Amino acid sequence: MTSIPSTINVSTPSPTTTSITSFFKSKWRSSTRDLKPWKPIPNTRDHIERSWVQHNALQIAFEGDYMAPMKQALLSGGCEVLDIGCGAGFWSMDMATKYPLSYFIGIDVDKNVFPNITMQKNLIFQRVDIMTTPLPYDNNTFDYIFIRSMLDTLPDDDWDRVLQDIVRIMKKGAYLECIEPYTNLFDTGPAMSTITKLVNTSSSLRLLSTQSSSNIPANMNPWPNRLAFLDTLKNMQIHHTHTPIGKHGGALGSLMVQYWERIIKASRQDWIQSKTISEKELESVHHELLEEVETQQTYMAWYSVVAQKKGYKGPAIVIEDYDDQTSIMQ
């Protein structure tokens, strides 16, 4: 069973290192404009554990941490990377470890979720509310921006404005990658259908408290639709994968069972207190779900959409790894 790193502390923000702080100091903007309050998803221990399980499951499903064509640039060094909605920083910490010559910033609205200790000197965490625009970075700052499981954290009608500002802080030729699950699960039974309905209802009620209109869309506008309308982006590519839920899916499927159990655990008190479902009924549905996903062979589908910012007019950048070539020749 996957264990949660002991370095996580949900009440103490991470210290920053002098070198990377100085590196980004000139790019931190002082003027921001708060458009309206909003209610972010709470970062309880259960939510953090769910994020940890999800991180490990998606590494298996996508066979790596990302799909953008950034590997050689990250290895060569000097890349400036922004992880939006980083939470406890699992992706940022993994990436900073694998690519020690590049620089990483993880941002989240809740600074208390940041890890207590980070060993990577090329990584910092900053408390940034992406609903407060403009974002606190200068134009053309980042080579790569990564967003995962963030689509339902903001009111739907605010994403277009936020995306415009995200593109502003990307360098010409930089990549934006967004990873998200599809709304619907596949081969579900009544128990999983009940749980997903509860999750969707909770999300809608939370967003309704800050939505500018009284109507919540039935489905959030997916990333490909949003990015396609940004004339500042090009070369959009979509990669699909799926994650089985249950032992029938091997190690990946077992992780996804943990993922859904943590969703239930994190939300059960809210569901019961709001009388959306009784405690007895929830226990019964939870028990049925564990058997149902095996018989139905339930699975989730995910996508990664990658797009590049327009404007780079120079020659194609080719980075050759001479160490690898030498080892092959030998």
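Asp157 meets the conditions (1) at pLDDT below 95; (2) within 16 Å of Asn225 (Cβ to Cβ); (3) surrounded by 15 or more Cβ atoms within 10 Å (Cβ to Cβ) in every case but one. The failed one is (3).
In summary, Ala88 fulfils each of the numbered conditions (1) in a loop (DSSP other than H, G, I, E, B); (2) of a type outside the set (D, E, K, R); (3) without any contact (Cβ under 8 Å) to a residue 60 or more places away in the chain with the single exception of condition (3).
If you take the residues of segment 217-250 that are in a strand (DSSP E or B) and touching a helix residue (DSSP H, G or I) at 6+ places or on another chain (Cβ under 9 Å), which of them is most open to solvent (accessible area, probe 1.4 Å)? Selected residue: His242. Ser51 meets all of the listed conditions (1) open to solvent by 30 Å² or more (accessible area, probe 1.4 Å); (2) in contact with a Leu (Cβ under 9 Å, 6 or more places away or on another chain); (3) hydroxyl-bearing (Ser, Thr, Tyr) but one, namely (2). Looking at Asn221, Asn225, just one residue is modelled with pLDDT under 90 and within 23 Å of Tyr175 (Cα to Cα), and that residue is Asn221. Take the residues in segment 239-277 that are small (Gly, Ala, Ser) and at pLDDT below 95; name whichever of them is farthest from Leu58 (Cα to Cα). Among residues in segment 239-277 that are small (Gly, Ala, Ser) and at pLDDT below 95, the one farthest from Leu58 (Cα to Cα) is Ser274.
Restricting attention to segment 267-285, the residues that are under 26 Å from the mean Cα position of the chain (by Cα) and in contact (Cβ under 8 Å) with a residue 12 or more places away in the chain total 4.
In segment 242-261, the residues that are within 12 Å of Gln54 (Cβ to Cβ) reach residues that are crowded, with 17+ Cβ neighbours inside 10 Å and among the basic types (Lys, Arg) with C-beta atoms within less than 8 angstrom, at least six apart or across chains, in these pairs: Tyr259/Arg50.
Of all the residues in segment 59-83, those that are open to solvent by less than 40 Å² (accessible area, probe 1.4 Å) and in contact with a Phe, Trp or Tyr (Cβ under 7 Å, 6 or more places away or on another chain) number 11. Being open to solvent by 10 Å² or more (accessible area, probe 1.4 Å), more than 16 Å from the chain's Cα centre (by Cα) and not polar (S, T, N, Q) is a property that holds for Asp138. All told, Gln258 falls short of being open to solvent by 40 Å² or more (accessible area, probe 1.4 Å) and under 23 Å from the mean Cα position of the chain (by Cα).
The values are calculated or read from the model by the stated rules, or taken from the named source; none is laboratory data. The model shown is predicted, which means the values in this text are computed figures rather than measured ones. Using ideal geometry, Cβ is built from the backbone for each residue, glycine included, and neighbour counts are taken over all protein chains shown. SASA here: full protein model, heavy atoms, side chains in, ligands and nucleic acids out. Shrake-Rupley method; radii C 1.70, N 1.55, O 1.52, S 1.80 Å.
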